[in-house]
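These notes concern the structure reproduced below.
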Amino acid sequence: QVQLVESGGGLVQPGGSLTLSCAASGSIFSRSVLGWYRQAPGKQRELVAEINTGGSTRVVDSVKDRFTISRDNAKNTVYLQMNSLKPEDTAVYYCRLQLDFRAYWGQGTQVTVSS
């Protein structure tokens, strides 16, 4: 069974930065596609960024040039570097691990962007 634990969320002022981390248990991390999603109050959960096993990444347009996803297979950890944060980035952020037809989610970490 895979467990994912996010950390790094918090309160930050507009224009600030945060780095989220997601540590995974188990032995399938390096073979998995990893993603960060977010869910704002009253909205559906949406993809923010994704990284495949080869290190190729994609980010959604709303965070392009501000957010960067990366992975460290030796540490079984995926990161989301968030810069130039805006109030509309406020949400609970979740990491997701997928291998074949199996998908696992973390419990989420709150990010609040407010002055």
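The values are calculated or read from the model by the stated rules, or taken from the named source; none is laboratory data. Just so it is clear, the structure is predicted and the values come from calculations on it, not from any experiment. No Cβ is skipped: glycine too gets one built from the backbone with ideal geometry, and neighbour counts run over all protein chains shown. Remember, those area values only see protein heavy atoms, side chains included, never the ligands or the DNA or RNA. Shrake-Rupley method; radii C 1.70, N 1.55, O 1.52, S 1.80 Å.
Tabulated data
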read-out: The stretch 1-56: relative contact order in percent, alpha carbon pairs under 8 Å with at least 6 residues between; value: 27
read-out: Relative contact order (percent, whole number), the chain, Cα cutoff 8 Å, 6+ residue spacing; value: 37
read-out: Accessible area expressed per residue, the chain, with surrounding protein chains retained (probe 1.4 Å, Å²); value: 54
read-out: Where labels lie 7 Å past Cα in the beta-carbon direction, separation of Thr57 and Thr112 in nm; value: 2.7
read-out: Charge dipole of the chain about the Cα centre (unit charges at C-beta), most positive-ward option of Leu85, Val12, Gln107; value: Gln107
read-out: Accessible carbon and sulfur surface of the stretch 22-72 relative to its total accessible area, %, 1.4 Å; value: 43
read-out: Charge dipole magnitude, Cβ of K and R +1, D and E -1 - the chain, Cα centre, debye nearest 20; value: 140
read-out: For peptides 42-48, 20-26, 106-112, 89-95, sequence by mean Cβ density within 10 Å, most packed first; value: 89-95, 20-26, 106-112, 42-48
read-out: Under 20 Å from the Cα of Lys75 - aspartates and glutamates, other chains or at least 8 residues apart; value: Glu6, Glu50
read-out: Spatially proximal lysines relative to Lys43 (Cα-Cα < 26 Å; intrachain offsets below 8 disregarded); value: Lys64, Lys86
